[in-house]
Structures are given as C-alpha cells and as structure tokens.
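Presented below is the structure to which this report refers.
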Amino acid sequence: MTQLWIIGGYLALLLLLGLFASRLFRGTTEDYMLASHSIGPFLLLMSLFGTTMTAFALVGSTGQAFKSGIGVYGMLASSSGIIHSLCFFVLGIRLWSLGRKHGYTTQIQFFRDRLESDRLGLLLFPILVGLVIPYLLIGVMASGSVINGVTQGRMVDGEVVDPTFPEGTFPAFLEQGTRGFAVDGSKGGVPRQLASLVICGVVLIYVFIGGMRGTAWANAFQTIVFMVLGVVAFIVIAGKLGGQDSFLANLQAIAQHVPREKLTRVGISKLQFATYLLVPLSVGMFPHLFQHWLTARSANSFKLPVVLHPVFIMIVWVPCVLIGVWATSDLIQLPPPVRANPNIVLPFMVKRLAGPVLSGLLSAGILAAIMSSLDSQFLCLGTLFTEDMVVHYGGKDRFTDRQVVLMARSFIVAIVALTYFFSLFDPRGVFTLGVWCFSGFASLFPLVFAAVYWKRLTKVGSYASVLAAIGTWCYLFYQSNFAAQESFTVHFDLGGSTYHVMPVLAMFVNALVALVVVSLITRPPSDETLQKFFPDPSAPS
Amino acid sequence: MSRVIWILILLLIILHQDNWFWADPHLVFGFMPVGLFYHACLSVAAAIVWWLAIRYAWPGDLDSGEPERLEVSRQKRTAGLSETHPSTPSGDMA
C-alpha cells in the first residue's frame, strides 16, 4: 500500500505542476501549442529526451535484455545516440527555421505548403494519427503493468499472499481475468486496466490545463525524476542482488552469475542488427517531436540537445539493460508469470529488491518516463486535428474558440479511449510494438528529408512514397500477425543463403525508390515554391 | 572542417556495426560485458562528434526564424487553440 500512496502523491504533484503552468498561460494560440517559442536549451534538452524515452526505453529495454541479452543496447540505444542527434541536426533546426518563418505548427502544414498539395494532408493525417496509436498503446499498457506489478501480492503455490487489496475489492473479471479480454488477473494488486485508466486521466488533465508549457515543464521534471531514480534503482538492486560490501564488488559478483549467452549477441543476426539502424530515423517524422522542435527559442537552443542526447540515452539504457540480464541469473527466481511477460520484469525486480518506500519512488520514476511521452503525444493529436482538419477546412471564423477547444479535446479523448480499448486485450511486448511503430515513422523519413533538401521532390512523388511506405507497413504488420510474432523478419535468398532483415528496411527502400523514381518523371514544383523553400542566398532580400 | 565532421559521423555509423565483440563474453572491470561497454563508449564518442559538429559545422545559412505572419500568430484565443493555418495551396490535382 505504501507504493500506491507514493505513486498517488506523485500523480497529484504532476497535476499541480500543470495547474501552475496554466497560470502562466498567455492566452494565445502560440502559447498553448508552442509555448510562444520560448523554450531554451535546457528545457528543450529535457523535453526532447523525455519525449523520446518512453516505456520502450525502461520497461521495454529491460524486458528485451532479459529475453535476448545485451544486444538490445546496440540495436536501439547507441544507434539512437547517433541517429536522433543527426535528425535534430539536419532536420530539427531546418524545420524550426521554416516553421518560425512561415508560421507552421504541424508537419502537415509544412508538407501542404512545400509540396503544393492540400490533399496530401488528408492522406498524411490518418497515417500519422494511426502510427501514434501503437506508440500510445505502449505507454498505456506499460503504465498499467508497472502499477499492477508493484502492488501485486506474492505468488506461493499458485495462491496470492500479502495482497495490497483483498479479494472482492474490484470486479471479478478484473481480479481474475477473462479469456481474450483483460486476460491477466490483478493478483492482489491494482488491476492493470484500472491503473492504465488513471494514468490516462492524469495525463489528459495536465495536458488540457497546462498546454505545451505545462507539457514541457512536466517533461523536464519527469525526465529528472526518472534519470535520478533510475540510477538509484540500479545501485539498490545491485546491492541487494550482489550482497557484497562495495558497489563495484556487487556488480562483479552479479556478473559471474549471468548466463554466458546473455553477455553476448550470439542470438542476434548481424544483418538484422545492421538494419535496426534505420529504426531511430523515426524521430525525423514523429509529429509530437516536430511540435517540440518548434517550441525552441532560437536555433542555438538545439545545440545542447544535439550533444547531450547520446549521453543521456546511455545513462538510462545501460542500467536498464544490466538489470534485464541480471534477471536471468540464478541469484533471483522469477515466477512463471513474470518470465512469460517481459513487460513486468523491471517492476518485479524493483518490488522484490527495494523496500516499499523506495519501490514506490522507483515506480513513480518509471511512470514518469512513460507519462513524459504520453503528454506530448496527447497534445500533438489535438493540434493535428484542430490545425489540419477543423480550422483548415472549417475556416477560422466558422467555429468559436470554445467549440474548437471542445472538438480538440473530444478528439484526443476519442483516440485515447480507442487506445485504452486496444490495451484491454492480450498485451503485446512493449519492445515489439515499439519497433513496429518506429518502423512506420522511419519509412516516412525519405519524405521529410527530401522535402527539406531536394528541390526535385514532387507532389506525386510524395504521394507515391507515403503510399509505398504505409502499404508495405500494413502488409508486413499483417504478416507478423499484428505483432504477435515477436521475432518477425523479412527474409530473402541470395546465393543459396537466406538473409533476415528488419521489416523497416523493406518499408524504407520501397518508400525511397517510389519517391525518387516518381519525382523524376513528374512535373517539378513551381518556381514560387522553390524560391520560398530554397531561396538563392546571393539574391537581394 | 564540415567535411571532416561528416566523415566522423559516417565513421560512427560504421563502428556501430561491430563484429569483433559479437560473441565475446569478456567482462570489462569484472562486471561490464565488453559488447555493452563498447557501445556505451560509442555513445560517448557520438556526443563528442556532435559537439564538434555544432562547433565547426553549424549551418550558417539559417534563417533568423522571424515569422512572416505575425498578425496570425498573435491572435488571441482564450482557450488556447489555433487560428493559424498557412494558406491552402491552390490547384491541387492529386
């Protein structure tokens, strides 16, 4: 119960922070959605990092390290350190500059203008929203799993011992689980479905009252919380598992008990590892990150995030990966339900090895990481809907402010409700779902890169690229049985050997080829557009 | 200098595809798997390369970012949603 009080206190603190941010609200559109372009280097660093580090980074990385060993760090952490900063450097700064100059708030506004196509927005809108849903799903599922994991009783001979809540506290279908729907029972803890609902509610409230400023502040605060508590968790878990006198001795003692294959990447195909490098390109097309980029006070605000992002990733991921591989050692016995669900390896380790107070604080830290992504995604959905659909097609004078606000919030609530509904079913692995979501966004990277740097990109070429990307994504997602087949790869035969690559490679190549070929054979953009986006530096202003 | 930076970034990407520690279970400092240690070092190296990039390859042609459409962006909304929307392109034949 102590853990629950601490988590509750933390959620209340977040609501207060949103309330405080709302008192500084300047009453303008730019302030609500872009914090009046007032975000400096430190806040930009924390909000960008907090937004990109989600349940995937903590819960997913620990679970995946538990399953397949240390290779997960190279697959997504060190690669992200290179590629994320590359995206900030080559895209973030340019898009910030164009956004400031031409008054963009969303990616779709930029693409409509750059590619001289209003209907491109109609194609991109459902795709961007549709790809955000699995991203939201990761956070919603993981938050419920974490709260349930740290409040569960112990399982002894199939019986729940020391439950936080006695049997009968919650409806039977939540406590015991139902086949196909709410499958896993609560085991004496807060039911996962109820916990997810509370987290969604809290994030919705502070996003609604605080806007982008509240979101940026909450992100910064939560990023500090999860980084500090992550390091504390690592030290505490090492101390409990190792049982030695010093921190280093603990680490050394634990490492001796980890199975040899978890210390290497022997279970991972080298080609698969190489093609993972494309996955972090997703950062270039995340709509919520685009919105965060536009909050920057100046181009110089990007310098700190570009440099420190890889180090911050390392600080968060290395402990999580080590905790994941430690969970495979014979120093700790994971019960079968935990072994079967890698999403709860981290909360299990925290609960088993830290005291109730620390366990509550550490759980709050994990939730901080999850919520610091959910908030940006929620805000971004509302912005996309109002900017690219309601105001764009309805006209700015057709609706009152109150009506527009109501529509935006209703849309956000509808999407969150849909996501929540999906989360009630048989949960997928956070890591697997995350990779599918990121792969979809990564396959749209050629579009945004070409829009910024390639004059010859045409409207028809962009349609072809988007359709090729999303068509390939849908086909392969279906082939993987909607992410149920966790080790799904695309394979091809060459010279008598079969090679396995990540699905993102097929999506990316198809999108790129379609973009280049179709652009080269169709009419180029008008001179007016080219002059607007690629002004001649020698021309008089 | 800018070219050197891009070569360094390319080098980071190549170094990321390490085959040499693939199956090596050696523990650095007695606790850190060498494959993990190598990639953690790569993260630090990336930060150093990006520091060099912002120092020596920062784009000099960046627009100051002053908005062209101040009249739109400054319209007030009491509840905080936008009236800003760039002009709808005409002649969309898609």
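The values are calculated or read from the model by the stated rules, or taken from the named source; none is laboratory data. Because the structure is a prediction, the values reported are computed rather than measured. As a convention, Cβ positions derive from the backbone with ideal geometry for all residues, glycine included, and neighbour counts pool all protein chains shown.
For segment A:451-502, residues that are part of a helix (DSSP H, G or I) and under 23 Å from the mean Cα position of the chain (by Cα) total 11. Looking at the structure I just gave you, is A:Leu447 touching a residue at least 60 places away in the same chain (Cβ under 8 Å), out of contact with any strand residue (DSSP E or B) (no Cβ under 8 Å at 6 or more places or on another chain) and more than 23 Å from A:Leu14 (Cα to Cα)? So A:Leu447 fits the description; yes.
Scanning segment A:255-264 for residues that are surrounded by 14 or more Cβ atoms within 10 Å (Cβ to Cβ) and at the interface with chain B (Cβ under 7 Å from one of its Cβ atoms) turns up A:Ala255, A:Leu263, A:Thr264. Residue check: A:Glu486 meets all listed conditions (1) within 14 Å of chain B (Cβ to nearest Cβ); (2) modelled with pLDDT under 85 but one, namely (1). Each residue in segment A:255-276 was checked for being part of a helix (DSSP H, G or I) and more than 17 Å from the chain's Cα centre (by Cα), and 11 of them qualify. Close contacts from segment B:42-54, counting a first residue that is more than 7 Å from chain A (Cβ to nearest Cβ) and a second that is outside any helix (DSSP H, G or I), with Cβ to Cβ under 9 Å and a gap of 6+ residues or different chains, come to B:Leu52/B:Met1.
Just one of the listed residues (A:Ser85, A:Ser143) is over 17 Å from A:Asp388 (Cα atoms), at the interface with chain B (Cβ under 10 Å from one of its Cβ atoms) and part of a helix (DSSP H, G or I), and it is A:Ser85.
Pairing residues of segment A:269-289 that are at the interface with chain B (Cβ under 10 Å from one of its Cβ atoms) with residues that are in a helix (DSSP H, G or I) and surrounded by fewer than 24 Cβ atoms within 10 Å (Cβ to Cβ), at Cβ distances under 8 Å and at least 6 apart in sequence or on separate chains, gives A:Leu277/B:Ile13; A:Leu277/B:His16. So, A:Asp375, is that one crowded, with 19+ Cβ neighbours inside 10 Å, outside any loop (DSSP other than H, G, I, E, B), facing chain B (nearest Cβ under 9 Å) and touching a residue at least 24 places away in the same chain (Cβ under 8 Å) or not? No; evaluated as a whole, the condition is false for this residue.
Across segment A:326-345, the qualifying residues are those that are of a type in the set (A, V, I, L, M) and surrounded by fewer than 24 Cβ atoms within 10 Å (Cβ to Cβ), and the one among them that is nearest to the other protein chains (Cβ to nearest Cβ) is A:Leu331.
Restricting segment A:265-302 to residues that are surrounded by 24 or more Cβ atoms within 10 Å (Cβ to Cβ) and among the β-branched types (Val, Ile, Thr), the residue that is modelled with the lowest pLDDT is A:Thr295. For beta carbons closer than 8 Å, sequence separation of 6+ or different chains, a first residue in segment B:25-41 that is more than 7 Å from chain A (Cβ to nearest Cβ) and a second that is small (Gly, Ala, Ser) and surrounded by 17 or more Cβ atoms within 10 Å (Cβ to Cβ), the qualifying pairs are B:Met32/A:Ala255; B:Met32/B:Ala40.
Among residues of segment A:97-130 being among the aromatic types (Phe, Trp, Tyr) and more than 7 Å from chain B (Cβ to nearest Cβ), the one that is nearest to A:Ala296 (Cα to Cα) is A:Phe110.
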